[in-house]
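The values are calculated or read from the model by the stated rules, or taken from the named source; none is laboratory data. Quantities reported herein were computed from a predicted structural model and do not represent experimental measurements. Using ideal geometry, Cβ is built from the backbone for each residue, glycine included, and neighbour counts are taken over all protein chains shown. For accessibility, only protein heavy atoms count, side chains too; no ligands or nucleic acids. Shrake-Rupley method; radii C 1.70, N 1.55, O 1.52, S 1.80 Å.
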There are 2 protein chains.
Amino acid sequence: MFERIAILAPGLLGASVALAAKARGQARTVSVWARRPETRLQIGGLNWCDSVSDRPADAVKGAELVVVCAPVESIVPLVRECAPGLSPGAIVTDVGSVKSLICRQGRGAVPEGVTFIGSHPMAGSEKTGHEHATENLFDNRACFVTATPDTPPETVDTLARFWHGLGARVATATPEEHDEIVANVSHLPHALAAMLCVHLSERPAKWKALAGNGLRDTTRIASGSPDLWREIFSQNREEVLRALNGVDHQLQLLRSALANGDDWAVRDLLARGKAHRDSLTF
Amino acid sequence: MFERIAILAPGLLGASVALAAKARGQARTVSVWARRPETRLQIGGLNWCDSVSDRPADAVKGAELVVVCAPVESIVPLVRECAPGLSPGAIVTDVGSVKSLICRQGRGAVPEGVTFIGSHPMAGSEKTGHEHATENLFDNRACFVTATPDTPPETVDTLARFWHGLGARVATATPEEHDEIVANVSHLPHALAAMLCVHLSERPAKWKALAGNGLRDTTRIASGSPDLWREIFSQNREEVLRALNGVDHQLQLLRSALANGDDWAVRDLLARGKAHRDSLTF
């Protein structure tokens, strides 16, 4: 249990961290900074928030753990901004969907005696905003903790225990391993869903009412914020391209099988896809 | 209200048609034929079934509407098999996911005085079997009725009213229009979900536990039967290939934008995808 944690830029994820940490005895007090004055006013009255500050460096004072919940490109600037207020021994983490660049720059942005370790809870949805937060958002969700060889193992353990305490299944990986994995299991599905929607947007408008639950589910994530996802794709460009090339290869195989009328090659691809889907655990 | 309808090969869809038709006053009695003797025994004891026959031609006797619910490639053979028992004035329909070939051959398989009209309710799921049937499966789901210029308008109306009575939103289209639409809004999402899973099946097995709700939802339909989907792709080959080419074009645009570091082109594609997704009605 931490005496005090600080949440910077709480949206859906940050507010859920605060709710879960208090409900599950992982943090006694939660201090908060939010960029917009009206959000600070709102959040100040909520029961998961013990104090609100106007400046990031004030919010982190005395916090043993700081969780930066801003969009990907704003994380490192916010770490730099709060750095003067960080207490010796504090752990600074984030919840960004990409890790390599953030971890490299984040480690350089904190003062001596403070440790930056990246986190990525695979939770959230196309909904955003602290008003959608729930204390069980992380239940049984995968959460990456991205250590590097120079990260003190005991701080990695402390952070892993925190996420575990919030209900998550913790996986440790290097930032580079993380980025390769999420390029395939998260960023690639997003790219496919979004490009499917772009394709359909160029077809007749009356088709919009003629879709079933299959299209509904395969495209749900395409409703995510274009700005957040631009940042994610930009920071994970190489791995996303590699993943897109990989799925393109399988799509070419399917197209060849169809064009050749090779129904059994089509069936074999579908059967391999089904076998993998049925083996996934969520 | 029909006095008598016949359901041939009831699985999830056929049993749901029977349940909904009885619950909503669209049919007084339901007669059934199923291929496997053990299924006939099971179904004979269920409250949505009034009589079970060992032969399709017996099951359709006296039925004003016959709904053939077999997999795509078995529909026309089953129409031929039941033809000797069909009553004059009967309407024969099916629930297959492809329509051009089935409607062409189905029209030639029924005797003079009987009308074949294709149907395609966009309901169902990766689950199959009559035991998963529900009377509200068609509520607010799109359902195609595929008439051709030589179909008597009053039989089209009768069939459209039946599906409407089961809760569906009925759309009429030619079989060819239908196949183009579903290639894009149903078969293409299935192909993308399946090839995404094939791609992931070639990645490290430990990644399986590291996926979030996005992957869960985008790939759900990949659990569908490879045999059913092989038949669907085979019968709708040309349109599915055209749809795959269309989404390939958008994926190439995304890859170029990423490779060129053109974040604003990436954002523009994502924003167009989101706008379309947000405009869909389900």
Q | Label point 7 Å beyond Cα along the C-beta direction, distances from residue A:169 to other copies (nm, shortest first) | A | 3.6
**Q.** Kirkwood estimate for the range B:196-282, i.e. one over the average of 1/r between Cα atoms, Å
**A.** 16.0
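Quick one: order B:264, B:48 from most to least accessible surface, probe 1.4 Å. Spell out each step's value before the answer.
On the way: B:264 160, B:48 15 Å².
If we order B:264, B:48 from most to least accessible, we get B:264, B:48.
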Q. Once label points are set 7 Å from the Cα along Cα→Cβ at both residue A:24 and residue A:154, what is their separation, rounded to one decimal in nm?
A. 2.4
Q) What residues have an amide H closer than 5 Å to that of residue A:170, excluding those fewer than 5 places away on the same chain, when H is modeled at 1.01 Å from N in the peptide plane? A) A:143
Q) Who wins for biggest fluctuation among A:187, A:199, A:132 in a Gaussian network model of chain A, springs between alpha carbons below 10 Å? A) A:199
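Heavy atoms only, probe 1.4 Å: what % of the accessible area of the range B:50-162 goes to carbon and sulfur, would you let me know?
Details: 2180 of 4560 Å².
After summing per-atom areas, the C and S share lands at 48 percent.
State, in square angstrom and to the nearest 100, the accessible area buried between chains A and B, both chains counted, probe radius 1.4 Å.
Interface between A and B: roughly 8400 Å².
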**Q.** Three-way shape call for the range A:234-282 based on the alpha-carbon gyration tensor, with the a/c threshold at 1.5
**A.** oblate
Q | Note, ³J(HN,Hα) from phi for the range A:61-71, Karplus 6.51, -1.76, 1.60, rounded to Hz, x at Gly and Pro | A | 4, x, 7, 7, 9, 10, 10, 8, 10, 6, x
Q) Can you list, shortest first in nanometers, how far residue A:88 lies from the same residue in the other copies, with each label 7 Å from Cα toward Cβ? A) 10.3
Q.
Suppose you put the label 7 Å out from Cα in the Cβ direction; list, shortest first and in nm with one decimal, how far residue A:213 is from each other copy's label.
A. 1.7
Q: Enumerate the lysines that residue A:274 could reach by cross-link, defined here as Cα to Cα under 22 Å, with residues fewer than 8 away along the same chain left out.
A: B:127, B:206, B:208
Q: Determine, for each peptide in A:267-277, B:206-216, the mean count of other beta carbons within 10 angstrom over its residues, then list the peptides with the highest first.
A: A:267-277, B:206-216
Q.
For the range B:13-50 and the range B:127-199, what is the centre-to-centre distance using only Cα atoms, to the nearest Å?
A. 20
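Figure the gain on full extension for residue A:87 and residue A:50 (residue separation times 0.36 nm, minus the Cα-Cα span) and round it to one decimal in nm.
On the way: separation 37, 0.36 × 37 = 13.32 nm, distance 1.85 nm.
Contour length minus Cα-Cα distance gives 11.5 nm.
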Q: Please turn the phi angles of the range B:146-159 into ³J(HN,Hα) values with the Karplus equation 6.51 cos²θ - 1.76 cosθ + 1.60 (θ = phi - 60°), one per residue in order, whole Hz, x for glycine and proline.
A: 9, 8, 10, x, 8, 7, x, x, 5, 6, 4, 4, 4, 5
Q. Rounded to whole Å and sorted largest first, what semi-axes of the equivalent ellipsoid does the C-alpha gyration tensor of chain B yield via the square root of 5 times each eigenvalue?
A. 38, 21, 17
Q: Enumerate the amide H contacts of residue B:32 below 5 Å, restricted to partners 5 or more residues apart or on another chain; note that Pro and chain-start residues carry no placed amide H.
A: B:7, B:51, B:52, B:53
Q) Size of the protein assembly as shown along its principal axes in angstrom, Cα-based, largest extent first? A) 89, 46, 40
Q.
Looking at chain B as a GNM with Cα springs under 10 Å, which of B:189, B:111, B:226 has the largest mean-square fluctuation?
A. B:226
Q | Per residue accessible area of the range B:97-149, 1.4 Å probe, in Å² | A | 41
Q: Restrict the search to the range A:93-157; then list the GluC sites (Glu not before Pro) that DSSP places in a loop and that have at most 12 other Cβ atoms within 10 Å of their Cβ.
A: A:112
